[in-house]
Amino acid sequence: ETGWKLVHGDVFRFPPQGSLLCALLGTGAQLLALVFALLVLALMNTFYPGNRGAIYSAAVVLYAATAGIAGFVSAASFFHFSGAGAGARWAWNLVLAACLYPVPFFVVFSFLNTVAIAYNSTAALPFGTIVIVILLWALVSMPLAVLGGLAGRNWAQKAPFEPPCRTSKIPREIPPIPWYRQSACQVFMAGFLPFSAIYIELHYIFASVWGHKLYTLYGVLLIAFVMLVIVTSFITIALTYFQLAIEDHRWWWRSFCSGGSTGLFVFAYSAFYYFERSSMFGFMQTSFFFGYMAMMSFAAFAMLGMIGFFSALAFVRRIYRAIKLD
């Protein structure tokens, strides 16, 4: 036996910081459902092209309504992968999944809204609107996340995760790895190809969100989004196989970061767009642009990372189920 078959005793070992990984998976699943729902509503001509506020309002409401997905995926993944060691830690995992995106977003929003107030800008949201959004998260999003977590826990207990191979007690030593097959190079390659599939559409989206142009080609955007999902899935599977082939069994976080690395390219492109394609200037416009683009890039990272991880998980289970072990 050579290559990936030699690490059969380590590929299903729960990784360090596994609770954070499961929370990111739940957040990514929720954001995927949110994006898909927005695209479907856009294709149904629900949004008037000139009214951007309707899309933003729908995104806030849909995020609260899809919180149960984050709770379900996070709790089910945590119970599946940690097994009997889950204990009471699943409750903390559920809280982490419910707060992982909204809390950083609220911190960024609070800073940017304070800047807008200081500049007497109409971009500042009134206090009443902020209270409504907070109540929506506390009274709708959090309870749905808890209900989803309970459902995920019950489902995981009824259908436990059964890895094809038993995990060894002592981790296998990883042989020396050439620099071009280590994490940084792999993550760069994994993000570049999916980003190239959406590069053109990204320019028009930026021009619509941060400029004065209207975007109405939602059908084309849906096709580009489907292409992005497919390319992310396949490139993560290929890189996971190459990683296992050199007897490196640390694929859990690597597959998530490989899938989500497109979000890093999106943020890098936003910097290029700001300095080379836009006419924005000043502290307020700069802080608004990079603050919100950082959160959007983080959302892309979590969403595509979730796609990459579950694609790699399905692939790993399939190939190790096919081999016969003593």
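The values are calculated or read from the model by the stated rules, or taken from the named source; none is laboratory data. Quick caveat: nothing in here was measured; it's all calculated off a predicted structure. Ideal geometry is used to build each Cβ from the backbone, glycine not excepted, and the neighbour counts take in all protein chains shown. To get the accessible areas, we keep the full protein, side chains included, count just its heavy atoms, and leave off ligands, DNA and RNA. Shrake-Rupley method; radii C 1.70, N 1.55, O 1.52, S 1.80 Å.
Key figures for this structure:
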read-out	value
3J(HN,Hα) from dihedral phi, region 53-67, Karplus parametrisation 6.51/-1.76/1.60, rounded to Hz, x for glycine, proline	x, 5, 5, 5, 5, 5, 5, 5, 5, 5, 5, 5, 6, 9, 4
Candidates E201, E276, E162: whichever shows maximal mean-square fluctuation once the chain is modelled as a Gaussian network with Cα springs under 10 Å	E276
Helix-derived mean residue ellipticity, 222 nm - over the chain, DSSP H n ≥ 4, -39500 (n - 2.57), to 500	-24500 deg cm²/dmol
The chain - charge dipole about Cα centre, Lys and Arg +1 at Cβ, Asp and Glu -1, debye rounded to 20	520 debye
Karplus 3J(HN,Hα) series, Hz, for region 301-306 with 6.51 cos²θ - 1.76 cosθ + 1.60 (x for Gly, Pro)	4, 5, 5, 6, x, 4
Extension gain, A322 back to I200 (0.36 nm per residue minus Cα-Cα distance, nm)	39.9 nm
For region 268-326, accessible area per residue (1.4 Å probe, heavy atoms of protein chains only), Å²	49 Å²
Charge context of F188, other residues only, Cβ under 15 angstrom, K/R +1, D/E -1	+2
Derived scalar couplings ³J(HN,Hα) [region 211-219; Karplus, 6.51 cos²θ - 1.76 cosθ + 1.60; whole Hz; x for Gly, Pro]	x, 10, 8, 9, 10, 10, 8, 6, x
20 °C / 1.002 mPa s Stokes-Einstein diffusion coefficient of region 267-326, Kirkwood radius on C-alpha pairs, µm²/s	147 µm²/s
Inter-part distance where region 256-326 and region 90-131 are each reduced to a Cα centre, Å	21 Å
Tilt relative to the chain, helix 262-276 - C-alpha long axis, 0 to 90 degrees, to 10	30 degrees
Spatially near lysine pairs across the chain, Cα under 28 Å, sequence gap of 8 or more or different chains	5
Amide N proximity, region 52-81 versus A151 label position 7 Å along Cα-to-Cβ, cut-off under 11 Å	66-73
The chain - Debye-derived log10 I(q)/I(0), Cα point model, q = 0.08 Å⁻¹	-0.41
T129-M189 pseudo-label distance in nm [points 7 Å out on the Cα-to-Cβ vector]	4.6 nm
1.4 Å probe accessible area per residue over region 101-142, in Å²	63 Å²
Segment Y119-V40, length gained on full extension (0.36 nm per residue, minus Cα span)	24.8 nm
Distance between region 30-84 and region 217-246 - C-alpha centres, whole angstrom	20 Å
Fraction of accessible area attributable to carbon and sulfur, region 148-289 (%, probe 1.4 Å)	69 percent
